[in-house]
Amino acid sequence: GLENGDLEWAGYNSFYYCDHLFFSGEPLESVFHTQEQYLAGLLSRHQSLQSTYLNIWRRLVEKIHRPTWQVAYSFGEVKEQTDEDVLAQLLEIGNKMFLFAYYLANGMLLFFREDFEGAISYLKSAGDNATGVVGMLTNAQYCFYYSLALLCDARERKYAKNSEQL
């Protein structure tokens, strides 16, 4: 009811807030702790849609911040899920917002790891699901990272071609 507020929209605002913190360049440690706090609240209220979305980005932040850690997804009672597990579930659900976020986050991770071909593959898949995130901040991030990955891949191919000719 109105006396308690709208928990559904509070959940959406939780992940939007965490997205904005991450994409505005806040320190990763701070973003990660904020994501953990909001994720715990979403999970305690059984807000599975919002917690699924936030969890994808929480995992990316943690993998960037602590690159040597093996980071699993955490969805409440089911603690350890791999990328393969989560992707299979997201494909089964068919929610384009989740799939877009999953492919964008993993494409960004591969970009940061300088695997530009892998990043392009994931980012292309994100583009195939972009209708699920119309008007969201992540659209601009997608365009930015996809463009960067294409440019870096082209540069690598050019240098590889030039070194072969020597």
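The values are calculated or read from the model by the stated rules, or taken from the named source; none is laboratory data. Every value quoted in this text rests on a predicted model; they were computed, and no experiment measured them. Glycine gets a Cβ as well: all are built from the backbone with ideal geometry, and neighbour counts include every protein chain shown. Areas reflect the complete protein model, heavy atoms only, side chains present, ligands, DNA and RNA absent. Shrake-Rupley method; radii C 1.70, N 1.55, O 1.52, S 1.80 Å.
For the range 33-47, name all the residues that are touching a Cys at 6+ places or on another chain (Cβ under 8 Å) and closer than 11 Å to G11 by Cα.
Y38 - this is the single residue of the range 33-47 that is touching a Cys at 6+ places or on another chain (Cβ under 8 Å) and closer than 11 Å to G11 by Cα.
Per-residue answers, yes or no, for (1) in contact with a Pro (Cβ under 7 Å, 6 or more places away or on another chain); (2) loosely packed, with under 14 Cβ neighbours inside 10 Å; (3) closer than 26 Å to N139 by Cβ; (4) among the basic types (K, R):
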{"site": "E8", "(1), (2), (3), (4)": "no, yes, yes, no"}
{"site": "D19", "(1), (2), (3), (4)": "no, no, yes, no"}
{"site": "S30", "(1), (2), (3), (4)": "no, yes, yes, no"}
{"site": "Q35", "(1), (2), (3), (4)": "no, no, yes, no"}
{"site": "A40", "(1), (2), (3), (4)": "no, yes, no, no"}
{"site": "L43", "(1), (2), (3), (4)": "no, no, no, no"}
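Rundown of residues vs (1) modelled with pLDDT under 90; (2) not aliphatic (A, V, I, L, M), yes/no style:
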site: A119; (1), (2): no, no
site: L123; (1), (2): no, no
site: A126; (1), (2): no, no
site: A130; (1), (2): no, no
site: C143; (1), (2): no, yes
site: A149; (1), (2): no, no
site: D153; (1), (2): no, yes
site: Y159; (1), (2): yes, yes
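Looking at the range 20-45 only, could you name the residues that are in contact (Cβ under 8 Å) with a residue 12 or more places away in the chain and not in a helix (DSSP H, G or I)?
Taking the range 20-45 and keeping what is in contact (Cβ under 8 Å) with a residue 12 or more places away in the chain, we get 20-23, 28-29, 31-32, 34-36, 38-39, 41-43, 45.
Selection gives R45 alone.
So that you can scan it fast, the table gives a plain yes or no per residue for (1) open to solvent by 30 Å² or more (accessible area, probe 1.4 Å); (2) touching a residue at least 60 places away in the same chain (Cβ under 8 Å); (3) touching a strand residue (DSSP E or B) at 6+ places or on another chain (Cβ under 9 Å):
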| site | (1), (2), (3) |
| --- | --- |
| Q89 | yes, no, yes |
| N95 | yes, no, no |
| M108 | no, no, no |
| Y122 | yes, no, no |
